[in-house]
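What follows is one structure encoded as structure tokens, with my remarks underneath.
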Amino acid sequence: MPSSPADHPFRVAIVGAGFSGLSAAIRMIDLAAEAGRGLNLQVFEGFTAVGGLVATQRLGEYLVERGADSFITNKPGGVAMCRRLGLQDRLVSTDPRFRQSFILRHGRPTPTPAGFQLIAPTRIGPFLKSPLLSWRGKKRVLAETSIPQRMDDGEESVASFVRRRFGDESFERIVQPLVGGIYTGDLERLSLRATFPRFEQMEQQCGSVLKALRRQRTADTSGARYGLFVSLPGGMTELLEAMRGEVARSQKFVFGDRVERLRRGEAGQWEVTAGRQTHVFDAVVLALPAHGSAKLLDAVDATLAGHLNAIEYSSSAIVLSGHRLADVRHPLDGAGLVIPHVEQRRILAVSFASRKFSGRAPEGRVILRTFLGGALQSDALAADDDALKRVVLEELRSILGVEGRPDFCEVARYPSGIPQFVIGHRARVERIEAKTGELRGLSLAGNAYHGVGIPDAIQSGLSAAEKAWADVAGRVAGDRGSSVGGDTIATPPARGDDLAERTQQSAGLTL
Ligand SMILES: CC1=C(CCC(=O)O)c2cc3nc(cc4[nH]c(cc5[nH]c(cc1n2)c(C)c5CCC(=O)O)c(CCC(=O)O)c4C)C(CCC(=O)O)=C3C
């Protein structure tokens, strides 16, 4: 142990103060406390606030999310972090009155059939009644039970899997906007194994997704899946601020100076240069987008940097706007609307933000969040902000009958914001982790590797802290799995996605 003699506190740098970096910091603080060891932590954040791509903004009486507006509760990371910070009683569910969603069909918002689960229906009645598909399209979906199992075990795209098992119509009219929306991605390129391995396993284990879902149904409520998502009364910033406060109680933040350089010292220590100052650490957690980590690692290990740079990203933008309800023809009786690519519109989705979470708009007003860009419409983002707003207001008018001038209208851009788990992603992540494993005291966190949502970002931070700790301290929480404050979180299986475990987790949540 050349670089961490027991007589000095562990010196750890965390680069990036989004969800993953803050989680890494909190986990590191807990590990040091459990071990009774001194810790000297510095969190470097190039911006002047924590949160990364996530921020809640107050605009007059409106409470508006600029990025992610909620997190999912069927993965443990988010809820466990709230419990760790004493925020579990502050969690709010989506408004049960507005959990239905819509899919655009011939220019009209059409309800998603009740019980439809991302790629397949779990309830036949509502599915058969839905005008989203033709009779032929519906028959083809139900014929899924007799589509032979694929024997080739190579990686398949989400589009190929869904087209093969359920037909083109269901793919284009329902699945593409629902699943594509999660990644603002191109499903012809995204890997099923890297995004939704459970569906691949359903085919392998039951021969049919519909049969597998039928077996599973008892464990899952078949209502609108929006019930899975939670936030806090102050928005996502309430959680981020609690995380920041927890770290700031004992450790140091460096805001506003981007880390420019990372170097490995001769004794294996890490030298971090930010704002013309160089600091020395025993361990470094890079909680950045993959391309950001690649830039810092280029001089340390060019092969690793190459793998990181190969992780693709899509860019998107969200136009945030506030309207008088009286100016909107559509009742907005749901949480949001997604738009199939085949509808040829200029927007991807609209979230009825103040319906999804009540109390965020003044009486008689509504917040809309309109998504643009993504892998399929990246050209849309070349336009300047005023042009984007114009496009959005035209589309909102045509699709939802939104008239008049909005109370506010703002653009939040996310260039290279969402990683794309394309075919080959898992193998790439394995190579990245193998390489990182060889670099003592270095770990990577963020949404680029195992999952794009907030719970996975949090989990990635916990795991990164544990790797760094194990490297420098020579011991760690052992085989208990990652945990925040005594709530054991099962570390996700390296490969695949255990169906029983996930179902159990969602069934066990009482929110
Ligand atoms: C930006 C966005 C919209 C646009 C509008 C808006 O913001 O409203 C949207 C719409 C929708 N999303 C929907 C459903 C789901 N979205 C999921 C997961 C996720 N969505 C995400 C993003 C979005 N989603 C993200 C970043 C995740 C990953 C979370 C994580 O992994 O941390 C999952 C869980 C997947 C799993 O099982 O892993 C489900 C079931 C439904 C249908 C609801 C119904 O049934 O009526 C609709 C209209």
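The values are calculated or read from the model by the stated rules, or taken from the named source; none is laboratory data. Predicted model only: the values in this text are computed from it and were never measured. FYI the Cβ positions are ideal-geometry reconstructions off the backbone, even for glycines, and counts take in every protein chain you see. Heads up: the accessible areas ignore ligands, DNA and RNA and are worked out on the full protein's heavy atoms, side chains in. Shrake-Rupley method; radii C 1.70, N 1.55, O 1.52, S 1.80 Å.
With the checklist (1) in contact with a Leu (Cβ under 8 Å, 6 or more places away or on another chain); (2) closer than 12 Å to PRO177 by Cα in hand, flag the one item VAL342 doesn't pass.
(1) is the only condition that VAL342 fails.
A quick yes/no check of all residues on (1) among the basic types (Lys, Arg); (2) open to solvent by 50 Å² or more (accessible area, probe 1.4 Å); (3) in a strand (DSSP E or B); (4) modelled with pLDDT under 95:
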position	(1), (2), (3), (4)
SER3	no, no, no, yes
ALA17	no, no, no, no
LEU22	no, no, no, no
ASN40	no, yes, yes, no
VAL54	no, no, no, no
GLN57	no, no, yes, no
GLY86	no, yes, no, no
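Residues of the stretch 308-361 being crowded, with 19+ Cβ neighbours inside 10 Å and β-branched (Val, Ile, Thr), which ones?
ILE311, ILE318, VAL319, VAL328, VAL338, ILE339, ILE347, VAL350
With respect to the numbered conditions (1) open to solvent by 40 Å² or more (accessible area, probe 1.4 Å); (2) among the small types (Gly, Ala, Ser); (3) part of a helix (DSSP H, G or I), which one is the sole condition not fulfilled by ALA305?
(1)
Identify, by number, the condition in (1) among the hydroxyl-bearing types (Ser, Thr, Tyr); (2) under 25 Å from ALA353 (Cβ atoms); (3) surrounded by 18 or more Cβ atoms within 10 Å (Cβ to Cβ) that SER93 doesn't meet.
Just one mismatch for SER93, condition (3).
Touching a residue at least 60 places away in the same chain (Cβ under 8 Å), open to solvent by less than 40 Å² (accessible area, probe 1.4 Å) and either closer than 22 Å to PHE229 by Cβ or away from the ligand (no atom under 12 Å from the Cβ) (or both): does that describe GLY401?
Considered against the rule, which asks whether it is touching a residue at least 60 places away in the same chain (Cβ under 8 Å), open to solvent by less than 40 Å² (accessible area, probe 1.4 Å) and either closer than 22 Å to PHE229 by Cβ or away from the ligand (no atom under 12 Å from the Cβ) (or both), GLY401 comes out as yes.
Between PHE44, PHE102, which is aromatic (Phe, Trp, Tyr), assigned to a strand (DSSP E or B) and within 15 Å of the ligand (Cβ to nearest atom)?
Values: PHE44 fails: within 15 Å of the ligand (Cβ to nearest atom).
None of the others qualify; the one that does is PHE102.
Of the conditions (1) out of contact with any Leu (no Cβ under 8 Å at 6 or more places or on another chain); (2) open to solvent by 40 Å² or more (accessible area, probe 1.4 Å); (3) closer than 23 Å to SER250 by Cα, ASP30 clears all except one; give me its number.
(2)
When you check GLY185 against the structure, is it closer than 17 Å to PRO340 by Cβ, open to solvent by 40 Å² or more (accessible area, probe 1.4 Å), within 12 Å of the ligand (Cβ to nearest atom) and not assigned by TED's automatic domain parsing to the domain that holds PRO340, yes or no?
It is false that GLY185 is closer than 17 Å to PRO340 by Cβ, open to solvent by 40 Å² or more (accessible area, probe 1.4 Å), within 12 Å of the ligand (Cβ to nearest atom) and not assigned by TED's automatic domain parsing to the domain that holds PRO340.
Listed residues ARG173, ARG165; which is modelled with pLDDT of 95 or more, buried (at least 21 other Cβ atoms within 10 Å of the Cβ) and in contact with a Pro (Cβ under 8 Å, 6 or more places away or on another chain)?
Result of the check over ARG173, ARG165: ARG173.
Filter the stretch 115-125 down to the residues that are open to solvent by 30 Å² or more (accessible area, probe 1.4 Å) and in contact with a Gly (Cβ under 7 Å, 6 or more places away or on another chain) and list them by number.
Residue satisfying the conditions is ARG123 alone.
Restricting the search to the stretch 262-300, which residues are open to solvent by 40 Å² or more (accessible area, probe 1.4 Å) and of a type in the set (Ser, Thr, Tyr)?
Passing the criteria: only THR278.
Just the residues that are over 15 Å from TYR414 (Cα atoms) and not hydrophobic (A, V, I, L, M, F, W, C), please, taken from the stretch 57-72.
GLN57, ARG58, GLY60, GLU61, TYR62, SER70
Looking only at the stretch 221-261, how many residues end up being modelled with pLDDT under 95, surrounded by 17 or more Cβ atoms within 10 Å (Cβ to Cβ) and charged (D, E, K, R)?
The total comes to 1.
Conditions (1) part of a strand (DSSP E or B); (2) in contact with an Asp or Glu (Cβ under 9 Å, 6 or more places away or on another chain); (3) closer than 15 Å to ASP301 by Cα, marked per residue:
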| position | (1), (2), (3) |
| --- | --- |
| LEU239 | no, no, no |
| VAL247 | no, no, no |
| VAL254 | yes, yes, no |
| ARG261 | yes, yes, yes |
| ALA267 | no, no, no |
| GLU271 | yes, no, yes |
| THR278 | yes, yes, no |
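Looking only at the stretch 416-471, which residues are free of Cβ contacts under 8 Å to residues at least 40 places away in the same chain, farther than 19 Å from GLY185 by Cβ and of a type outside the set (D, E, K, R)?
ALA434, GLY437, SER463, ALA470
Which condition does LEU400 not pass, out of (1) within 19 Å of ALA55 (Cβ to Cβ); (2) touching a His at 6+ places or on another chain (Cβ under 6 Å); (3) of a type outside the set (Asp, Glu), if it passes all the others?
Result: LEU400 passes all but (1).
If I ask for residues that are touching a strand residue (DSSP E or B) at 6+ places or on another chain (Cβ under 6 Å) and within 13 Å of the ligand (Cβ to nearest atom), which ones from the stretch 82-99 would you list?
Matches in the stretch 82-99: THR94 only.
Can you tell me which residues in the stretch 188-215 are within 16 Å of the ligand (Cβ to nearest atom) and either over 18 Å from the mean Cα position of the chain (by Cα) or assigned to a loop (DSSP other than H, G, I, E, B) (or both)?
Answer for the stretch 188-215, where residues must be within 16 Å of the ligand (Cβ to nearest atom) and either over 18 Å from the mean Cα position of the chain (by Cα) or assigned to a loop (DSSP other than H, G, I, E, B) (or both): PHE196, PHE199, GLU200, GLN201, MET202, VAL209, ALA212, LEU213.
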